[in-house]
Amino acid sequence: MCGRFTSSVRGSELRERFQVAVPDGYVERYNLAPTQRAAIVRRSPHGREAALARWGLLPAWAKDASIGYKLINARAETLTEKPAFRSLLHRHRCLVLADGFYEWRIAPDGTREPVRFHLADGGPFAFAGLWTARRDDPAGELLESFTIVTTRPNELVAPVHDRMPAILLPELEDEWLDPEISREHALALLEPYDARAMRAEPASRRVNSVRNDDPGLLVPDELLPAA
């Protein structure tokens, strides 16, 4: 499961890396949580486009918006089986823009300690995602939402968690967005990222609260200067 992630690079860096116009309202985030909006990239008739969408898929048929909490992740192994995901796999694939994600390990004293996983070069990357849109009654506002696809963990993540987000290699991002490839081809892209190209670092326990969202979250508490 991926329940928190970071998208903390500047908009200009995202624009250069993903070749899109960064959507209005994008801000650097250090503790993105379900129901919050994050940047995604999808295919449009004119090429790539970016949007801000709510994390937690809200299918058109869902009567209760709280279902989004249950659909923040989609297991790669069952995408073709789950009704909420199966219909989106063909033409509603997206990139979820990030530069890290958190998982928690259990310390010897039983407390939960956050660990941030990121690429070795510290740069932005894309989770494989699925998106959808619906009219939010009664205002009729268009509400776009997404889920992050997860896969089995690599050797770096496995000691902490039994799942990890499906991070796409840059050269595979266009394939994931291409509606012309087969489902089998798309599913074959959802492999664990090479552990040798990633790093794991302890993060501040303040990550535990969604109210905290600042650069200090990337630093373990014991390394922060005393107040």
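The numbers here are math on the coordinates, done by the rules we state, and not lab data. It should be emphasised that the depicted structure is a prediction, and the values quoted were computed from it without experimental measurement. No Cβ is skipped: glycine too gets one built from the backbone with ideal geometry, and neighbour counts run over all protein chains shown.
Assorted remarks:
- Per DSSP, loop trypsin sites (Lys or Arg not before Pro) in segment 1-53 with at most 13 further Cβ within 10 Å: ARG10
- Under 5 Å from the amide H of ARG75 lie the amide H atoms of THR150, each residue being 5 or more positions distant or on a separate chain, with H modelled from the backbone and absent for Pro and chain starts.
- Label-to-label distance, nm, for residues given as LEU172 and ARG152 (7 Å Cα→Cβ offset): 1.4 nm
- The length gained by stretching the chain between ASN212 and SER12 to full extension, at 0.36 nm per residue less their Cα-Cα distance, is 69.6 nm.
- Relative pair counts by distance (%), Cα atoms of the chain, 10 Å bins: 8, 34, 38, 17, 4, 0
- In segment 116-227, Cα pairs under 8 Å separated by at least six residues give a relative contact order of 26 percent.
- For ARG105, distant residues with modelled amide H under 5 Å away: GLU113, VAL115
- Euclidean distance between Cα centres, segment 111-136 to segment 22-60, Å: 11 Å
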